[in-house]
Amino acid sequence: MTTVTVIGAGSFGSVVAGIAAKGGTGIQVLARDVEKARAVAGPLGGTAGTVGDEVTGDVVVLAVPYGAVADLVEVYPSAFDGKVLVDVTNPVDFSTFDDLVVPADSSAAKQLQDAVPGAKVVKAFNTNFGGTLASGEIGSVPTTVLVAGDDADAKQTLVELVTAAGLRGLDAGSLKRARELEAVGLLQMTLAGAEKISWGGGLALIS
């Protein structure tokens, strides 16, 4: 059975951990504050620890802001090797809220893959607001989690995980597509920030 480690015990990490638990996987939650990790993991029947502890999950979700990812790579220089490593970040320039801070020919996910070449990096969850992941719906449409990556098995593992939790998982292509997914994430954030859509809404996909 696939097991999941969520690094980060904020609101988004809590939602992702809940999805994994709903899908029937074993859960580990790691955070800088172990009490916050316990508050997330405990109700889900999972284990908790601090950043720096052994990572036990087959799938590791970095549920932290873009700026914190580099620190985790330093803490775990080889612990992610062989694991499905999920990047959920949107590398937004928060000084202008008008652009991404990664080069035009790259993405946060590509930077992560370059930093941890032994991991199977996938981009996912970054085009979803937490509320739609928790509810499983955007309006009357099932929430779709777009998954991009270069390892077909890694993508399928994540698609199966979210599907088991009642969401819809969709293969969005190679890791190169992460750039477009991050742009979509930025677009939704700017729309919500301008109150043109709600933070409980977002872009829905109809098959």
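The values are calculated or read from the model by the stated rules, or taken from the named source; none is laboratory data. Predicted model, so just to flag it, every value in this text is computed and none were measured. Cβ atoms come from the backbone with ideal geometry, glycine included; neighbour counts cover every protein chain shown. For accessibility, only protein heavy atoms count, side chains too; no ligands or nucleic acids. Shrake-Rupley method; radii C 1.70, N 1.55, O 1.52, S 1.80 Å.
Only one residue in K155, K110 is within 18 Å of the chain's Cα centre (by Cα) and more than 30 Å from L44 (Cβ to Cβ), so which one is that?
K110
For the stretch 164-191, which residues satisfy the criterion of being assigned to a helix (DSSP H, G or I) and among the hydrophobic types (A, V, I, L, M, F, W, C)?
A164, L175, A178, L181, A183, V184, L186, L187, M189, L191
Is there a residue being assigned to a strand (DSSP E or B), touching a residue at least 60 places away in the same chain (Cβ under 8 Å) and either open to solvent by 60 Å² or more (accessible area, probe 1.4 Å) or hydrophobic (A, V, I, L, M, F, W, C) (or both) anywhere in the stretch 1-15?
Yes, the stretch 1-15 contains at least one residue that is assigned to a strand (DSSP E or B), touching a residue at least 60 places away in the same chain (Cβ under 8 Å) and either open to solvent by 60 Å² or more (accessible area, probe 1.4 Å) or hydrophobic (A, V, I, L, M, F, W, C) (or both).
Note down all Cβ pairs under 8 Å where the first residue falls in the stretch 119-136 and is in contact (Cβ under 8 Å) with a residue 24 or more places away in the chain and open to solvent by less than 10 Å² (accessible area, probe 1.4 Å), the second is in a loop (DSSP other than H, G, I, E, B) and basic (K, R), and they're at least six residues apart or on different chains.
A119/K83
Given the conditions (1) surrounded by fewer than 20 Cβ atoms within 10 Å (Cβ to Cβ); (2) modelled with pLDDT of 95 or more; (3) over 21 Å from T190 (Cβ atoms), report the number of the one that S106 does not fulfil.
S106 satisfies every listed condition except (3).
Identify, by number, the condition in (1) out of contact with any Lys or Arg (no Cβ under 8 Å at 6 or more places or on another chain); (2) not in a helix (DSSP H, G or I) that L161 doesn't meet.
(2)
Would you confirm whether any residue within the stretch 77-84 is in contact with a Leu (Cβ under 9 Å, 6 or more places away or on another chain) and surrounded by fewer than 22 Cβ atoms within 10 Å (Cβ to Cβ)?
no
State all residues of the stretch 177-193 that are surrounded by fewer than 16 Cβ atoms within 10 Å (Cβ to Cβ) and either among the hydroxyl-bearing types (S, T, Y) or in contact (Cβ under 8 Å) with a residue 40 or more places away in the chain (or both); if no residue qualifies, say none.
A183, T190, G193
Could you grab me the full set of residues in the stretch 29-48 that are under 18 Å from V69 (Cα atoms) and in contact with a strand residue (DSSP E or B) (Cβ under 6 Å, 6 or more places away or on another chain)?
The answer is V29, L30, R32, A37.
From the residues in the stretch 28-75 that are of a type in the set (S, T, Y) and free of Cβ contacts under 8 Å to residues at least 40 places away in the same chain, which one is farthest from V159 (Cα to Cα)?
Within the stretch 28-75, the match that is farthest from V159 (Cα to Cα) is T50.
Identify all residues within the stretch 16-39 that are open to solvent by 20 Å² or more (accessible area, probe 1.4 Å) and outside any loop (DSSP other than H, G, I, E, B); write none if there are none.
G18, A21, K22, G26, V34, E35, K36, R38, A39
Report whether or not A70 is buried (at least 24 other Cβ atoms within 10 Å of the Cβ) and closer than 22 Å to A31 by Cβ.
No.
Taking the stretch 43-67 as the region of interest, how many residues are part of a strand (DSSP E or B) and either open to solvent by 20 Å² or more (accessible area, probe 1.4 Å) or of a type in the set (D, E, K, R) (or both)?
5
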